[in-house]
Amino acid sequence: MGTPDLKTLRKIAISFTLYSRIPMPRFEWKEDDMSTSLDFFPLVGAVIGVLICVLNTGALQTLIDPYVRSVLTVLVPVFITGGFHLDGFMDTSDALNSYGDTAKKLEILKDPHIGAFSVISLVKLLLTALASSVLLITSENATFRTVVACACIFVISRCISGLTSLYFKKAKKTGMLTGEAGNKRKSTVVLLILQLVIASAAMTVSDPFIAVPVLVFFALCTAYYKKKTVKEFGGVTGDTAGYLVCISETGAALIASVVLLIMRIL
């Protein structure tokens, strides 16, 4: 029984090493470790969600000004991931706003330089996230259950990003995404689906009024992502996977804030 437990802990450590800045034990990497990196990718989102819950409930909720908490809430994912997904978001935004063909856009994704469109897109993304955070945190209708429901967003976005990376057409035959998703394992798929179901159920139980529109948004966002990546890049890449995490999380938070705003008006 000890060996499977060690294997699970190793997979968790791999996921956190690749997708977060949380210190993990050092170990010698094996050849197939990259192919298991998505197994517990959503747990990084769970850590983000827990920290956001702690920040916006209990003693900290009373001690810290709500507008300061709104800013900190937006920054928590950045601190935990080190901006890993924002990097992909910025590269993808630059490519999408270019006038080149598919080959040119793929070339832009590999360019380490920052373009004007990526900066503009990042500002818009962060301002949207901040506005949503303020509306959610300062709303009279927001409760602990609302905070928990919104925290689940960070798990769901990573489940969907992982599953789309496995199943959607790849734009390239090389790169980090190919290493992660090139060898599609049944166990990885099962784990991602299981975590998706648990997070979706937790959101629905916590606040169904928020859960229903947010889950519908995630479905529509996934369909849009598939169509857009095939059209613009010929498939998905590691950068577009980060782009999906960012736009789905920010969009879901915006939907949740609008729902609370409508409830307050009614």
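Details
- Apart from one condition, LEU166 fits all of (1) surrounded by fewer than 21 Cβ atoms within 10 Å (Cβ to Cβ); (2) in contact with a Lys or Arg (Cβ under 8 Å, 6 or more places away or on another chain); (3) modelled with pLDDT of 95 or more; (4) under 17 Å from PRO42 (Cβ atoms); the exception is (3).
- Any hit, the range 74-87, residues being among the small types (Gly, Ala, Ser), within 17 Å of SER157 (Cα to Cα) and assigned to a helix (DSSP H, G or I): no
- Some residue of the range 31-48 being over 19 Å from LEU191 (Cβ atoms), buried (at least 18 other Cβ atoms within 10 Å of the Cβ), out of contact with any strand residue (DSSP E or B) (no Cβ under 7 Å at 6 or more places or on another chain) and of a type outside the set (Ser, Thr, Tyr): no
- ILE247 within 19 Å of PHE41 (Cβ to Cβ), within 17 Å of the chain's Cα centre (by Cα) and surrounded by fewer than 16 Cβ atoms within 10 Å (Cβ to Cβ): no
- Residue list for the range 106-147, filter: surrounded by fewer than 18 Cβ atoms within 10 Å (Cβ to Cβ), modelled with pLDDT under 95, of a type outside the set (Lys, Arg) and not in a loop (DSSP other than H, G, I, E, B): GLU107, ALA116, PHE117, THR138, PHE144
- Identity of the residue in the range 59-92, hydroxyl-bearing (Ser, Thr, Tyr) and in contact (Cβ under 8 Å) with a residue 24 or more places away in the chain, that ends up nearest to PRO112 (Cα to Cα): THR92
- The range 12-58: number of residues that are more than 20 Å from ILE156 (Cβ to Cβ), outside any loop (DSSP other than H, G, I, E, B) and in contact (Cβ under 8 Å) with a residue 12 or more places away in the chain: 5
- Residue match in the range 200-207 (condition: at pLDDT below 90, surrounded by fewer than 18 Cβ atoms within 10 Å (Cβ to Cβ) and under 19 Å from the mean Cα position of the chain (by Cα)): no
- Subset of the range 55-88 that is hydroxyl-bearing (Ser, Thr, Tyr) and at pLDDT below 95 - its residue that is surrounded by the fewest Cβ atoms within 10 Å (Cβ to Cβ): THR62
The values are calculated or read from the model by the stated rules, or taken from the named source; none is laboratory data. A quick note: this is a predicted structure, and the numbers were derived from the prediction, not measured. Methodologically, a virtual Cβ is constructed for each residue, glycine included, from the backbone with ideal geometry; neighbour enumeration extends over all protein chains shown.
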